[in-house]
1. With only Lys, Arg, Asp and Glu charged, each at its Cβ (+1 for the first two, -1 for the last two), find how big the charge dipole of region 158-273 is about the Cα centre; round to the nearest 20 debye.
2. Only Lys, Arg, Asp and Glu count, each charged at its Cβ (+1, +1, -1, -1), so figure out the dipole size of the chain about its Cα centre, rounded to 20 debye.
3. Once you put a point 7 Å from the Cα of Q211 and another 7 Å from the Cα of R116, both along the Cβ direction, what distance in nm separates them?
4. Report the local net charge at A18: Lys and Arg +1, Asp and Glu -1, summed over other residues whose C-beta lies under 11 Å from its C-beta.
5. Count neighbours as other Cβ atoms within 10 Å of each site's Cβ, and list the trypsin sites (Lys or Arg not before Pro) in region 127-197 that are DSSP loop with at most 12 such neighbours.
6. Compute the angle between helix 151-162 and the longest alpha-carbon principal axis of the chain, please, reported from 0 to 90 degrees and rounded to the nearest 10.
7. Would you kindly state how much longer the chain becomes between L302 and R193 on full extension, computed as 0.36 nm times their sequence separation minus their alpha carbon distance, in nm to one decimal?
8. Starting from region 185-259, pick out the chymotrypsin sites (Phe, Trp or Tyr not before Pro) whose DSSP state is loop and whose Cβ has at most 13 other Cβ atoms within 10 Å.
Amino acid sequence: SDSLRSAARGSGVRIGTAVDMSALASDADYRTIVATEFDSVTAENVMKWEAVEPEQGRYDWAAADRLVDFARANGQVVRGHTLVWHNQNPSWLTEDAFTPAQLRQILRNHIKTQVRHFKGRVYQWDVVNEVYNDDGTLRDTIWLRALGPGYIADAFRWAHEADPKAKLYLNDYNNEGVNAKSDAYYALTKQLRSQGVPIHGYGMQGHLGVQYGFPGSVFDNVRRFDALGVQTAFTEVDVRMILPVDATKEQAQAYGFSTLLQACLLARHCVSYTVWGFTDRYSWVPGVFEGQGSATPYTEDLQRKPAYQALRNTF
Ligand code: XIL
């Protein structure tokens, strides 16, 4: 029938969206599109650490559980986002308040508690998010400073212990094409696999902009991870533009969305393609990138853009 979800059927690639839980509660049209157009969902915010453990030891799973229930009711899978990150951590989690040994215990406990809570209900986890800089050096974060680079392998081991069936992912932005950052991920993936660390997937967020052009080497990049035997996924695709919108930018945007989808469909082990919000009505882009917007496949009025049609036709 007439949806991305039906177009994707049989392709081996799940079509997903990030979900804004307040929109899901208040906006019936939004809810209908999530349910009918997609077969995978990701929490845009409610599975992040600040949301699930606002005070140390007090967990709040309510919003995340609502998403998991919604997904189950609609025959969808859930990507878990995210266990280890340098943003959107709870305010109690500061470097001064704890020793490195305590921080290690805190991280371990966080990962184990969260993965266990969703065991069997979240099929993929972004275990570590954005751990490299664009130049391929490790990002200077609370985790690197307190625990050293071994925290990445530890995070995967802890997550695997808590749910041995979940597929465990690295995830980042500006890592779609072949470049210094994706080279670092390639080397890391190889190294962790050779050490027997349970890592199963490479996530590329896919936050693009028409004014930057599109990475031409996406397929080459996806293919080299294919060859390592790990899954790949596009996890947060949006294609922003400098406002105002015009027909040329909309066409370029459609091309950007479909180029990433093509790379996924051409690959052997690319298993999902998720948009970071499907409508401009709730997109994070205008709030973060001054003067930019219109980054999703639906307008604020929930009209389908050329990008929507391009995704449909590419499947
Ligand atoms: C963004 C959300 O979309 C916003 O609502 C929130 O205010 C900030 O985070 N990379 C990621 C996502 O991995 O978690 C981010 O999501 C966008 C960039």
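Taken together, the values in this text are just the output of simple stated rules run on the coordinates, not laboratory data. Only a predicted model underlies this, so the values are computations on that prediction, with no experimental measurement involved. Positions of Cβ are generated from backbone atoms using ideal geometry, with glycine treated the same way; all protein chains shown enter the neighbour counts.
1. 340 debye
2. Details: 32 positive and 36 negative charges, 257 e Å.
That gives a dipole near 1240 debye.
3. 4.8 nm
4. Details: positive: R79; negative: D20, E44, E236, D238.
Local charge sum for A18: -3.
5. On the way: sites: R139, R145, R157, K165, K167, K181, K190, R193; in loops: R139, K165.
Those that pass, being in a loop and sparsely packed, are K165.
6. Roughly 80 degrees, rounded to the nearest 10.
7. Net length gain for the segment: 34.9 nm.
8. On the way: sites: Y185, Y186, Y202, Y212, F219, F225, F234, Y255, F257; in loops: none.
The qualifying sites: there are none.
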